[in-house]
1. What shape does segment 184-247 have by the C-alpha gyration tensor, where a ≥ b ≥ c are the square roots of the eigenvalues, rounded means a/c under 1.5, and otherwise prolate means a/b greater than b/c and oblate the rest?
2. If you average the alpha carbon positions of segment 151-174 and of segment 197-217, how far apart do those two centres end up, in angstrom?
3. Pairs of lysine in the chain with Cα under 16 Å and at least 8 positions apart or on different chains: total?
4. Ratio of Rg to Rh for segment 121-250, alpha carbon only, Kirkwood?
5. Any chance you could get the radius of gyration and Dmax over the Cα atoms of segment 1-92, in Å?
6. How large is the convex hull of the Cα atoms of segment 126-197 per residue, expressed in Å³ as a whole number?
7. Sorted by packing (mean other beta-carbon atoms within 10 Å per residue), highest first, where do 206-213, 75-82, 150-157 land?
8. At 0.36 nm per residue, minus the direct Cα-Cα distance, what do Asp241 and Arg179 gain on full extension? Give it in nm, one decimal, please.
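Every read-out reported here was derived from the displayed coordinates using simple, explicitly stated rules and does not represent laboratory data. Please read these numbers as outputs of a predicted model, since none were measured by experiment. Don't worry about glycine lacking a Cβ; one is built from the backbone with ideal geometry, like all the others, and counts go over all protein chains shown.
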Amino acid sequence: MGIEVSVGADGIAEVVQNCPPVNALTVAEWFQLADEVQKLGQDSTVRVVILRAEGRGFNAGVDIKEMQNTEGFGALIGANKGCFAAFAAVYDCPVPVISAVNGFCVGGGIGLVGNSDVIVASDDAFFGLPEVDRGALGAATHLSRLVPQHKMREMVYTSANVTAQQLHSWGSVSQVVPRDELLATARGIAESIAAKSPTVIRAAKESLNGIDLWDVKRSYRFEQGFTFELNLSGVSDELRDDFVEHGKGK
């Protein structure tokens, strides 16, 4: 268990989040995910990466219990740096990254999916940023790539979720399918990409990143600064303690 990686003879790689019970990643797991995606991108035999998950949902963000059980700000700083590294690895990966989302995709999951190239989702998938309820900010940068601007603001302020069907209607999610068809659907798109010239596909990925409307890494780093301010104020600890006390975390 943890972050599992495989590469097929067809050049299709899979990075699987398998971190029970809810895929809330520890600091080490965020960095491991980043490292694995980076290594795959540097492998000339890899043509496309599928990012997916085992279990109840795709990603539940950072491991709040780890943060609350660690003295000082070490876990907070680690989580921020780990998320930044993982999101950047997906965005900068030289080959396309397809996110196959099952169940919940919240918090840090939005950063992964928002920086992906293609998204497919199961019909029970939903997406959200509960950061305000945890005394944090971040990944609005990536949510902005999934939903219209004013919807993004509403979701940040209220911690409300949107469904895969809504994202499909906005063009963010390519296909919505039953959960048992999710991997096959992602692999179908991956096979179509893998059949193209790998040299051209890598050039296409670099060119598309080059014409992006804003610098996602700098934008996300700006958001993270407010998380540090909130933690120094003490309000973040209060909200996270309440979250852990009510048994909703990992």
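1. On the way: a/c = 6.67, a/b = 2.00, b/c = 3.34.
Judged from the Cα gyration tensor, segment 184-247 comes out oblate (a/c at least 1.5, b/c at or above a/b).
2. So the two Cα centres are separated by 25 Å.
3. On the way: Lys65/Lys248; Lys65/Lys250; Lys81/Lys217; Lys196/Lys205.
So the count works out to 4.
4. Values: Rg = 18.2 Å, Rh = 17.4 Å.
A ratio of 1.05.
5. Reported Rg and Dmax, both Å: 13.8, 46.
6. Working: hull volume 8.4 nm³, N = 72.
That works out to 116 Å³ per residue.
7. On the way: 206-213: 9.5, 75-82: 20.2, 150-157: 15.2.
Packing proxy ranking, top to bottom: 75-82, 150-157, 206-213.
8. Numbers: separation 62, 0.36 × 62 = 22.32 nm, distance 3.35 nm.
The span from Asp241 to Arg179 would gain 19.0 nm if fully extended.
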